[in-house]
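This report concerns only the one structure given below.
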Amino acid sequence: MKEGAYLTIAYIALGSNLAYGGLVPAEILDAATSALGEGGTIVARSGLYATDPVGAPGPQPRYLNAVVALATLMPPIDLLQTLLAIEQRFGRDRTLALRNASRTLDLDLLLYGSLVIQTEQLTLPHPRLAERRFVLAPLAEIAPTLLHPVTGETMRALFAQLPETGENGPDAVRRLT
C-alpha cells in the first residue's frame, strides 16, 4: 500500500438507457460494475431501478439506475478519471452529448467518504445528489444512515423529502430487482 493512502468508501451512481456493443442497459450496468473493481472493491450494490428521464431534451427510453459502494485507495480525482475511462469503453463520449441526453453509460461519483470539494473537475458531494430520486432511492437502499457531508442529513431523510409529484415523484422510479 502506498504511504499515506487510506481506504475510503466512495458511492457511485450508474445509469444507462441505450444499448451498446450488443449489450442492453442491464448488461451494461453489470459489466460496468465489474469494471469498477479496477478502482477498488465493491462492498455494496443496490437493486436495479427503472426510472423516467429527468430534464431530458426530448423523448427518451427509461433509464436503468443503480448505486454501488466502492472501497478504494484511489484519490478522488484518479477515481473520477477511472469512471470516465469506463464510460468510454461503453461508447460514452461526453464531448458530443447534450446534457441529460440518452447514454450508453453514466457513472457519477456521488460521495467520497465525507470529503467536500469543489474544483473545476470535481464537486463532492455530487451537486444534485439530494434532488434526484433515481439516485437517492438506490443510495438509501444500500446506505440509509449515511450522512450527507454538507447537510448532515441521512440518505433516508433526504429521500423522504423528495416531492410527491412531477418528474421526480415516486411514480418516476420503480425498483426492478
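Per-residue ellipticity at 222 nm for the chain, helices alone: DSSP H runs ≥ 4 residues times -39500 (n - 2.57), over residue total, nearest 500 deg cm²/dmol?
On the way: 4 runs with 41 residues, N = 177.
Using -39500 (n - 2.57) per qualifying helix, the result is -7000 deg cm²/dmol.
Within the chain, what's the longest run with no trypsin sites (Lys or Arg not before Pro) in a DSSP loop and at most 13 other beta-carbon atoms within 10 Å? Give the range, please.
Details: sites that count: 2, 94, 99, 128.
Of all site-free stretches, the longest is 3-93.
Which of the chymotrypsin sites (Phe, Trp or Tyr not before Pro) across segment 6-87 are loop residues per DSSP, with 11 or fewer other Cβ within 10 Å?
Values: sites: 6, 11, 20, 49, 63; in loops: 6.
Filter output for segment 6-87: 6.
Please get the size of the charge dipole for the chain, origin at its Cα centre, with Cβ charges of +1 on Lys and Arg and -1 on Asp and Glu, quoted in debye to the nearest 20. Mind dumping the intermediate values first?
On the way: 14 positive and 17 negative charges, 31 e Å.
Here the chain has a charge dipole of around 140 debye.
At R0 = 35 Å, how high is the FRET efficiency between residue 117 and residue 34 if r is their beta carbon distance? Nearest 0.05 is fine.
Values: r = 28 Å, r/R0 = 0.79.
Efficiency at R0 = 35 Å is approximately 0.80.
Which residue, chosen from 158, 116, 137, occupies the Cα position most advanced towards the positive end of the dipole of segment 112-177, where the dipole is computed from +1 (Lys, Arg) and -1 (Asp, Glu) charges on Cβ about the Cα centre?
Projecting each Cα onto the dipole axis, the largest value belongs to 137.
Name the longest site-free stretch of the chain, where the excluded sites are GluC sites (Glu not before Pro) in a DSSP loop with no more than 16 other beta-carbon atoms within 10 Å. If you can, show how the numbers build up before the last one.
Values: sites that count: 3, 120, 153, 164, 167.
That gives 4-119 as the longest site-free run.
Have a look at 129, 80, 23 and tell me which one the Gaussian network model of the chain (Cα, springs below 10 Å) gives the largest fluctuation.
23
Quick one: grab the alpha carbon gyration tensor of the chain, order the square roots of its eigenvalues as a ≥ b ≥ c, and give me rounded if a/c is under 1.5, else prolate or oblate depending on whether a/b is larger than b/c. Don't jump to the answer; show the numbers that get you there.
Details: a/c = 1.58, a/b = 1.14, b/c = 1.39.
Oblate, since a/c reaches 1.5 and b/c is not below a/b.
Counting pairs of alpha carbon atoms under 8 Å apart in space and at least six apart in sequence, what relative contact order in percent does the chain give?
28 percent
Bear in mind these aren't lab numbers, they're just calculated from the coordinates by the rules spelled out. Because the structure is predicted, anything quoted here is derived from the model rather than measured. Neighbour counts are summed over all protein chains in view; Cβ atoms, including those assigned to glycine, are modelled from backbone coordinates with ideal geometry.
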